[in-house]
Amino acid sequence: MSRPFSPVQIYNSFLKIIPYAGTTFGVVLGTIILGMALAILLFAQKQSKKRWVCAIADGYINIIRCTPSIVLLFIVYYGIPKIALAAFDVNLNFSSKIIYVIISLSLIYAASLAEVIRSAYLALGRAQYEAALAIGLTPLQAVWRVMLPQGIVVALPNLGNSLISLFKEGSLAFTIGLIDMMGAGNLIISRNYGAYSLETYLALAVIYWSLTLIIEQIFLKLEKHYSKGRRSLDAA
């Protein structure tokens, strides 16, 4: 006999899942840091005058885009320990699962973020960079003071979308045993022997929807704030 739908179980599941939001955000934060570093490297490669360097970056981005996230996660999770054991005789089978999740998501995030950075750079044009150099700024100052502030404004909508996608992709972490929000939800279902599955997944949906909405609102406010400053400069 099937159990009747219980709204109370949605609330109970919500209370049990929400403490694991810290793990989910830890994955996202670690991915942003590592993914940003990889994205900047990819962007620099794509700007190189050497064709083979550009080809490596293009090939990496195309391969990552064509590889399902869950497949890449399993490749990283099972592949890195095997490589470490074969090449360096180091056993990584007992290392924290969150490391593998961050690495795999960073590889995915870097590919999309590199294209966001490139599109923002192309939208600004090289003329502003050269003008900054002409007035005596160093290349680093030209990028930091002129290109970066304007590039952030151009890239903000795509950055927000990339972050939301990353946040949702992180839910795959439970497939290798990491107990984040999604993992906690599946653990609750297992402990209930499959009962109240719908209620638990509805609780997860509410949490992910709420957090995604918060991220969207933050980026909308940032976009309005920086766009206002840009319009003021354009009017002047």
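Among the residues making up segment 105-161, those that are among the aromatic types (Phe, Trp, Tyr) and touching a residue at least 60 places away in the same chain (Cβ under 8 Å) are 109, 121.
Considering 97, 82, 49, which residue is open to solvent by 40 Å² or more (accessible area, probe 1.4 Å), of a type in the set (D, E, K, R) and within 25 Å of residue 143 (Cα to Cα)? Working first, answer last.
Working: 97 fails: within 25 Å of residue 143 (Cα to Cα); 82 fails: within 25 Å of residue 143 (Cα to Cα).
Exactly one residue qualifies, and that residue is 49.
Do the conditions hold for residue 72, that is, is it over 26 Å from residue 177 (Cα atoms), at pLDDT 90 or above, part of a helix (DSSP H, G or I) and open to solvent by less than 60 Å² (accessible area, probe 1.4 Å)? The answer is no for residue 72.
Go through the residues of segment 208-222 one by one and say whether even a single one is more than 29 Å from residue 19 (Cα to Cα), free of Cβ contacts under 8 Å to residues at least 12 places away in the same chain and part of a helix (DSSP H, G or I).
First pass over segment 208-222, keeping only residues more than 29 Å from residue 19 (Cα to Cα): none.
No, segment 208-222 has no match at all.
Flag set for residue 56, criterion: surrounded by 13 or more Cβ atoms within 10 Å (Cβ to Cβ), in a helix (DSSP H, G or I) and either more than 14 Å from the chain's Cα centre (by Cα) or not small (Gly, Ala, Ser) (or both). Residues considered: 137, 163. Of these, the only one that is in a helix (DSSP H, G or I), open to solvent by 20 Å² or more (accessible area, probe 1.4 Å) and among the hydrophobic types (A, V, I, L, M, F, W, C) is 163.
The values are calculated or read from the model by the stated rules, or taken from the named source; none is laboratory data. These figures come from a predicted structure and were not determined experimentally. We place every Cβ from the backbone using ideal geometry, glycine too, and count neighbours over all the protein chains shown. With ligands, DNA and RNA removed, areas are computed over all heavy atoms of the protein, side chains included. Shrake-Rupley method; radii C 1.70, N 1.55, O 1.52, S 1.80 Å.
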